[in-house]
Every structure is written in C-alpha cells, then in structure tokens.
1. Yes or no: region 148-160 includes at least one residue that is without any contact (Cβ under 8 Å) to a residue 12 or more places away in the chain and either within 23 Å of residue 7 (Cβ to Cβ) or buried (at least 20 other Cβ atoms within 10 Å of the Cβ) (or both).
2. Kindly provide the set of residues from region 32-74 that are under 16 Å from residue 3 (Cα atoms) and under 14 Å from the mean Cα position of the chain (by Cα), ordered by number.
3. Having 3 or more residues that are touching a strand residue (DSSP E or B) at 6+ places or on another chain (Cβ under 8 Å) and without any contact (Cβ under 8 Å) to a residue 12 or more places away in the chain is the bar; report the helices (runs of 4 or more DSSP H) wholly within region 42-119 that clear it.
4. What is the number of the single condition among (1) closer than 18 Å to residue 154 by Cα; (2) touching a residue at least 12 places away in the same chain (Cβ under 8 Å) that residue 20 does not meet?
5. Name the residue, out of 84, 6, 72, that is more than 25 Å from residue 121 (Cα to Cα) and surrounded by 15 or more Cβ atoms within 10 Å (Cβ to Cβ).
6. Restricted to region 126-155, and to residues that are touching a strand residue (DSSP E or B) at 6+ places or on another chain (Cβ under 8 Å) and not in a loop (DSSP other than H, G, I, E, B), which residue is nearest to residue 95 (Cα to Cα)?
7. Does region 99-106 contain any residue that is surrounded by 15 or more Cβ atoms within 10 Å (Cβ to Cβ), out of contact with any helix residue (DSSP H, G or I) (no Cβ under 7 Å at 6 or more places or on another chain), closer than 14 Å to residue 134 by Cβ and at pLDDT 95 or above?
8. Just one of the numbered conditions (1) over 21 Å from residue 124 (Cβ atoms); (2) at pLDDT 90 or above; (3) surrounded by 14 or more Cβ atoms within 10 Å (Cβ to Cβ) is not true of residue 62; which one?
C-alpha cells in the first residue's frame with residue numbers, strides 16, 4: 001500500500017499520464033513532488049476529458065501531460081478532503097484485497113455508527129480510487145452500492161481480486 005498523506009489545498013501543478021490496470025486504462029495525476037493526487041477511469045472519452053473535469057474542480061491547478069508511468073504502487077499518495085473523509089479513506093485503505101466491508105461497518109470502525117451514508121459520500125469523493133480501494137466497500141444488503149468508475153469496473157476489480 002502506498003503511503004497516504006493529506007494535503008490542505010490543491011497542488012499548483014499536476015502532471016498526468018495514462019496507466020494500464022486490470023480495470024482498464026487509468027488517468028493518473030501526480031504532484032510536482034511525485035505524489036499521486038488523482039486517478040480517473042478512462043472509459044469512452046479521451047484522457048483530456050478526465051483532465052478537464054479535474055481542471056474544473058481545481059481551477060488554479062495547471063495540468064500538463066507528464067512522462068509515461070509504468071507502475072505507481074510504490075508512489076506516495078496526496079489526498080485533499082475533510083477530516084471525516086480522511087478517516088474513511090484511512091479505514092478503506094486497510095481493507096485487504098479480495099475482501100469487502102459495508103458502508104455501515106466502515107462507519108462503525110471510525111466511531112460514527114450512524115454515518116453509513118456519509119461514508120458512501122466519502123467513497124464517492126475518493127480522489128484515488130483503485131489505490132484507496134473504495135471498490136471494496138459495498139451495501140449491507142449485499143448490493144454493490146456505487147462507484148465513481150461505474151459498477152461494471154467495480155465488479156471487474158472485485159472479480160480480479162477474488163472477492164465474492
């Protein structure tokens with residue numbers, strides 16, 4: 001697992017690259033310090049479309065095409081969010097490959113047992129899905145819940161990891 005760091009503001013510049021994964025192609029954004037700060041799933045559009053969405057969110061950040069990345073598993077990760085989101089993301093990072101946890105279980109583990117919906121919102125706001133495995137968080141009734149990359153990718157990731 002990559003080292004997680006939490007940042008208070010968007011970086012001034014982000015270099016982006018395309019990386020292959022078991023879930024398909026990913027657009028990966030890295031800060032000038034070499035930390036991964038964004039991941040987007042490349043589905044039907046171009047990488048530039050994903051980057052344009054990031055640009056709209058972080059209007060003062062310059063996004064530039066960076067060198068091709070071969071592997072990002074050992075890179076540090078810089079995530080921007082609220083204190084609650086940080087708690088949720090730290091807890092999600094503990095879920096082993098091939099396992100799942102419910103939104104409610106994550107809420108209980110972070111000390112907010114009634115915050116299952118807020119956990120779901122934090123999962124949706126995860127800037128680095130795939131690295132911080134929000135795809136491993138599911139509904140208590142056995143349903144998949146949601147996923148920023150789409151349920152087809154969530155299913156694929158869980159299948160690749162051997163989750164039931």
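The values are calculated or read from the model by the stated rules, or taken from the named source; none is laboratory data. Just so it is clear, the structure is predicted and the values come from calculations on it, not from any experiment. Note: ideal-geometry Cβ built from the backbone for every residue, glycine included; neighbour counts use all protein chains shown.
1. So far as region 148-160 goes, no, none of its residues is without any contact (Cβ under 8 Å) to a residue 12 or more places away in the chain and either within 23 Å of residue 7 (Cβ to Cβ) or buried (at least 20 other Cβ atoms within 10 Å of the Cβ) (or both).
2. Once the filter is applied, which keeps residues that are under 16 Å from residue 3 (Cα atoms) and under 14 Å from the mean Cα position of the chain (by Cα), region 32-74 yields 35, 36, 37, 38, 39, 72, 73.
3. Numbers: elements: 47-57, 83-93, 103-109.
Fully inside region 42-119 and qualifying: nothing.
4. (2)
5. Values: 84 fails: more than 25 Å from residue 121 (Cα to Cα); 6 fails: more than 25 Å from residue 121 (Cα to Cα).
Unique residue meeting the criteria: 72.
6. 136
7. yes
8. Residue 62 satisfies every listed condition except (3).
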